[in-house]
Amino acid sequence: MNTDGITADLFVPAPLDPMELEDINSPSVSFWQEAFHRLFKNKGAVISLVLLVLLIILALIGPLMNEHTYRSQNLVHSNLPAKVPGLGWLGFDGTDIKGVDVYEKRNIEANYWFGTDEFGRDLWTRVWKGTQISLFIALVAAALDLVIGVVYGGISSFYGGRVDNVMQRIIEVLMGIPNLIIIILFILILEPGITSIILAMVITGWVGMARVVRGQILQLKSQEFVLASQTLGASNSRLIWRHLLPNVMGPIIVTIMFTIPTAIFFEAFLSFIGLGLQAPQASLGVLIEDGYKSMRYFAYKLVFPALVISTIMICFNLLADGLRDALDPKMRK
């Protein structure tokens, strides 16, 4: 190609419009804004979040939606199937396994939306009261696991050396003992109840959180921004609260979201084998245990609490998966 006629004066810079420059640049977003954006693009996580909010609202207001309490008995109304006016086509028509309208047969005018148990207690009220208690136990246990695990794991990893060795040997001893055996022995020592179940779960429940926090902080301690802060004379408390903890919040949140359904399952399991709450108190485990005894003839007693606890556990796990993907720095574009 002949380039003899090409001179420098033929090249003129293109005019730069500041407005066009603003259109080209993408808006600045923080890590948390981008994480929430990715979370709400996950349909499974969004649906799970909506269902969880709905279940929590029902757990709070459900027991107040009729005149029955979770422990009031009426033997005349015992073993009534579910009946909701206008929803007979869904099976809420008050008929038993033989197709007989039990309400009409007993001349009962009241409607029980989830039916009644063998003592005539309203299952609608008991199911949502049980959901309330199960969620309360799980949330308190998860909160205590969070506090103990973050403090223990943070101290172990931040100071390191001999302190870390001693604290990790304690964790290894606790990890070597089966968790279920510790919980059962602890509940046998104390009276079965909400407090004893929470304390039993917390004994070893914080270990997983402590190991997650320790691993994350050990990784962050060698980062340049932490070394620069130490060089500038930052105190230990400033390093922990301004640099280390904010950067491990993602794994902590994900771990908590997996801890809550595990605690709900343990409470239900303990109540099912008779070591949890005792009647007339209601929890999802107690209701499932009651429904299991009579599932052959009154399947609705088992279906409703089993459906609620299954929905809660599935939703928490799907939401935790969505949070794990949303808070993963490798997913950032």
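The values are calculated or read from the model by the stated rules, or taken from the named source; none is laboratory data. The structure displayed is predicted, hence computed values, not measured ones. Methodologically, a virtual Cβ is constructed for each residue, glycine included, from the backbone with ideal geometry; neighbour enumeration extends over all protein chains shown. To get the accessible areas, we keep the full protein, side chains included, count just its heavy atoms, and leave off ligands, DNA and RNA. Shrake-Rupley method; radii C 1.70, N 1.55, O 1.52, S 1.80 Å.
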Subject >> Ser196 vs. criteria closer than 24 Å to Ile309 by Cα, open to solvent by less than 10 Å² (accessible area, probe 1.4 Å) and of a type in the set (S, T, N, Q) >> reply: yes
Subject >> Candidates Leu307, Leu302 - the one that is modelled with pLDDT of 85 or more, assigned to a helix (DSSP H, G or I) and surrounded by 16 or more Cβ atoms within 10 Å (Cβ to Cβ) >> reply: Leu302
Subject >> Failed condition for Ile57, given (1) under 22 Å from Leu287 (Cβ atoms); (2) surrounded by fewer than 14 Cβ atoms within 10 Å (Cβ to Cβ); (3) over 27 Å from the mean Cα position of the chain (by Cα); (4) not basic (Lys, Arg) >> reply: (3)
Subject >> Condition broken by Gly153, with the remaining ones in (1) touching a Lys or Arg at 6+ places or on another chain (Cβ under 7 Å); (2) open to solvent by less than 20 Å² (accessible area, probe 1.4 Å); (3) more than 30 Å from Ser235 (Cβ to Cβ); (4) not hydroxyl-bearing (Ser, Thr, Tyr) satisfied >> reply: (3)
Original post:
Of these, Leu190, Leu146, Leu123, which one is closer than 21 Å to Pro305 by Cβ and among the aliphatic types (A, V, I, L, M)?
Top reply: Leu123
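Only one of Arg126, Arg121 is buried (at least 22 other Cβ atoms within 10 Å of the Cβ) and within 30 Å of Thr259 (Cβ to Cβ). Can you tell me which?
Arg126
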Subject >> Residue satisfying condition, being crowded, with 19+ Cβ neighbours inside 10 Å, under 15 Å from the mean Cα position of the chain (by Cα), in contact (Cβ under 8 Å) with a residue 40 or more places away in the chain and farther than 30 Å from Phe158 by Cβ, within set Ile252, Ile264 >> reply: Ile264
Original post:
Do the conditions hold for Phe136, that is, is it more than 17 Å from Thr255 (Cα to Cα), open to solvent by less than 60 Å² (accessible area, probe 1.4 Å) and not small (Gly, Ala, Ser)?
Top reply: no
Subject >> Unique residue being open to solvent by 30 Å² or more (accessible area, probe 1.4 Å), at pLDDT below 90 and under 30 Å from Leu220 (Cα atoms) when the list is Ile240, Ile273 >> reply: Ile240
**OP:** Could you look through the stretch 156-176, keep only residues that are of a type in the set (D, E, K, R) and open to solvent by 80 Å² or more (accessible area, probe 1.4 Å), and pick out the one that is farthest from the chain's Cα centre (by Cα)?
**Re:** Arg162
